[in-house]
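Okay, so here's the structure we're looking at.
Read-outs: derived from the displayed coordinates by stated rules, not from any lab. Note that the coordinates shown come from a computational prediction; the quantities given were computed from them, not determined experimentally. Cβ coordinates were reconstructed from backbone atoms using ideal geometry, including for glycine residues, and neighbour counts include every protein chain displayed.
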């Protein structure tokens, strides 16, 4: 380990007495060995494994808990204050805290929520109404015969990512058990319209769209087994948070053999993609 350069000789002086530290010979860069030099560590040996460990801002002896003790990791032992925007993730998939503190999810960082419409409180028509029947214990639920329907409405949550896909589904339970496969089928007829952020007028409700889906109930399925049917996605337009969804759910004839017991439906659900927790104000995204 020859001390064969001026910088190495300067560094060696600093190892003995800190007051004798002389800056490295200028070369236009500030490398790791230069930083060692300035704090009195001999710069003739390039930093090794220590350079690959986690960088720590905090008390001596602190160790990472959730991240690997490896290069390019950073542990901050106390509070962090960022007075502008902050980004966490990759180039396209990331969470962002904007300069006003609003939390926004981008790309694959978005999440999904379920807007649930309980059918126990949905509108029942004077004709073709499902039967309010014994369900479990002292509980009741609507059992749907063919062509029975209910109407419902809901509002797209303030967390909704504007113009994102809306997926409709129904949930319920089988009513009884059959020795062979049986099928059930439901449709949802709906219309959606944006509303103004405050008082005033919004969009005109368009003509309704109807989507449907079928479910096969395997032979000997246990009575009251819960099910979900993905009815389909809305592709009619680009809506924003607060839009009103008005719909009707109806049981229709399936392509197979219907079950002997009319299936129960408990709720209509709308899966929505969310890119914020809510809105910045009561009305503005």
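For labels at residue 136 and residue 162 in the simple 7 Å Cα→Cβ model, what's the distance in nm?
Here the modelled spin labels are 4.1 nm apart.
What's the percent breakdown of Cα-Cα distances in the stretch 108-274 across 10 Å bins, shortest bin first?
Taking all Cα pairs of the stretch 108-274, the binned fractions are 10, 37, 31, 17, 4, 0 percent.
Quick one: go through the stretch 224-241 and flag any residue whose amide nitrogen is under 11 Å from the point 7 Å out along the Cα-to-Cβ line of residue 92.
none
Before anything else, pin down the relative contact order of the stretch 108-274: Cα pairs under 8 Å, at least 6 apart, normalised by residue count, whole percent.
Over the stretch 108-274, the number comes to 41 percent.
Can you bin every Cα-Cα distance in the stretch 59-103 into 10 Å intervals starting at zero and give me the percent of pairs per bin, rounded to whole numbers?
21, 40, 33, 6
Which whole-number percent of Cα pairs in the stretch 235-285 have a distance greater than 15 Å?
Summing the P(r) of the stretch 235-285 above 15 Å gives 68 percent of all pairs.
Students often check this: by mean Cβ neighbours within 10 Å, which of 132-141, 235-244, 159-168 ranks highest, and how do the rest follow?
On the way: 132-141: 12.1, 235-244: 16.0, 159-168: 18.1.
So the order, starting with the most tightly packed, is 159-168, 235-244, 132-141.
Gain in length, residue 238 to residue 111, computed as 0.36 nm per residue apart minus the alpha-carbon separation, to one decimal in nm? Spell out each step's value before the answer.
Details: separation 127, 0.36 × 127 = 45.72 nm, distance 1.86 nm.
The span from residue 238 to residue 111 would gain 43.9 nm if fully extended.
Could you rank the peptides 207-215, 92-100 by their average count of other C-beta atoms within 10 Å per residue, with the highest value first? Mind dumping the intermediate values first?
Working: 207-215: 14.4, 92-100: 12.8.
Ranking the peptides 207-215, 92-100 by packing returns 207-215, 92-100.
Could you order the peptides 79-90, 147-158, 105-116 from most to least packed, using the average number of other C-beta atoms within 10 Å per residue? All intermediate terms of the calculation are to be shown ahead of the outcome.
Working: 79-90: 9.5, 147-158: 17.3, 105-116: 14.2.
The peptides rank, most packed first, as 147-158, 105-116, 79-90.
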